[in-house]
Ligand code: UT7
């Protein structure tokens, strides 16, 4: 079905009778503590010049020792609820995307449910690494479209500082902590989430992983001694795959909606590396002013990255009602995803 604005709503194809799904509120939380590049210079053999020129990152946030992923997720969620003007008892479902849950189980979503007092809601986590927020949006939207639920809370939250090897300069300069949240509901006056495409390439799982602590290498004194409980990454290969996958996902999402990149008001890419973002924008044919970047302040916060950036883009009015927005992400798995939203 072609909308009055000229783009196609792929969700309305094939006689689908479901409701549209919009993001009706956003919220974010980042911890107070800032870790600057200058401080990292004192921890590992690196320099502000190297970090800024190779990644664009100037500082990142670190959660306090007693501050958990669910704490950050709950604060982001409460801000999103306030922004959407809803109460906790309206929430039907909570989905948390994270690769740093408070515990192996129960899910972080259950802990958030308790902390925000959303007693009526179902709750579960999903794990798609840095792609998690768009994966979670796509899952959440199914429940709105099928009229199963009226209000879904989607959160991307990470305490990556707990799995970063602070002696490894190849990775420790890249990551930070934080959380972002979105409330999904049907809004009759907007097409909302027009499409989301998701993909994975499991044969490249070892490019970016944390080997220890799961069923393959359960925690032992040996796994700890061998540093298997830290994030490991082949940066160069991950970089190449990130650019290709984000461009492919972005193009596919635009193609499905018959939208030209010039119609997109704001592109929010995964905030991993400034050079990746520039290469993706260039290959998508986007102008720099279309691209939202805040990684200089937060580094790569994995599943929280796009959610934190989306909140800032909305709060600073880079995105206004009626604008077309493209979200595009990439992460461990490998996974990738892109979504087009009419705001
Ligand atoms: O969120 C999931 C997705 N993750 C990503 O998208 C990350 C993708 N990868 C990257 O962003 C980049 O590959 C990095 C930022 C990790 C590295 O940039 P690069 O341009 O690919 O650098 P490189 O790996 O080719 O390393 C160049 C040099 C090496 O030295 P030699 O071997 O050429 O002597 C590294 O040892 O830079 C060295 N290096 C550093 N030097 C100073 C690596 N890390 C640092 C550092 N400070 N922190």
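The values are calculated or read from the model by the stated rules, or taken from the named source; none is laboratory data. What you see is a predicted model, and the numbers here were worked out from it, not measured in a lab. Every residue, glycine among them, receives a Cβ derived from its backbone with ideal geometry; neighbour counts consider all protein chains shown.
Brief remarks follow.
- With respect to (1) touching a strand residue (DSSP E or B) at 6+ places or on another chain (Cβ under 8 Å); (2) outside any loop (DSSP other than H, G, I, E, B), the lone exception for residue 272 is condition (2).
- Of the residues making up the stretch 149-187, those that are more than 20 Å from residue 112 (Cα to Cα) and either in a strand (DSSP E or B) or without any contact (Cβ under 8 Å) to a residue 24 or more places away in the chain (or both) number 1.
This table checks each residue for (1) more than 25 Å from residue 147 (Cβ to Cβ); (2) without any contact (Cβ under 8 Å) to a residue 40 or more places away in the chain.
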position	(1), (2)
89	no, yes
97	no, no
100	yes, no
108	yes, no
115	yes, no
118	no, yes
121	no, yes
125	no, yes
128	yes, no
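- Members of the stretch 208-242 that are more than 9 Å from the ligand (Cβ to nearest atom) and touching a helix residue (DSSP H, G or I) at 6+ places or on another chain (Cβ under 7 Å): 212, 217, 229, 231
- So residue 35, is it closer than 24 Å to residue 313 by Cα and either out of contact with any strand residue (DSSP E or B) (no Cβ under 8 Å at 6 or more places or on another chain) or assigned by TED's automatic domain parsing to the domain that holds residue 184 (or both): yes
- Residue within the stretch 254-265 that is assigned to a loop (DSSP other than H, G, I, E, B), touching a residue at least 40 places away in the same chain (Cβ under 8 Å) and within 21 Å of the chain's Cα centre (by Cα) present: yes
- Every condition in (1) surrounded by 13 or more Cβ atoms within 10 Å (Cβ to Cβ); (2) within 25 Å of residue 175 (Cβ to Cβ); (3) free of Cβ contacts under 8 Å to residues at least 40 places away in the same chain is met by residue 210 except one, and the failing one is (3).
- Selection status of residue 59, at pLDDT 95 or above and out of contact with any helix residue (DSSP H, G or I) (no Cβ under 7 Å at 6 or more places or on another chain): no
- Looking at the stretch 1-114, the helices (runs of 4 or more DSSP H) lying wholly inside it that each contain 2 or more residues that are away from the ligand (no atom under 16 Å from the Cβ), at negative phi and within 18 Å of the chain's Cα centre (by Cα) sit at 69-84.
- Restricting the stretch 292-308 to residues that are more than 12 Å from the ligand (Cβ to nearest atom), more than 9 Å from the chain's Cα centre (by Cα) and assigned to a helix (DSSP H, G or I), the residue that is surrounded by the most Cβ atoms within 10 Å (Cβ to Cβ): 298
- Being in a loop (DSSP other than H, G, I, E, B), without any contact (Cβ under 8 Å) to a residue 24 or more places away in the chain and either more than 22 Å from residue 297 (Cα to Cα) or under 13 Å from the mean Cα position of the chain (by Cα) (or both) is a property that does not hold for residue 203.
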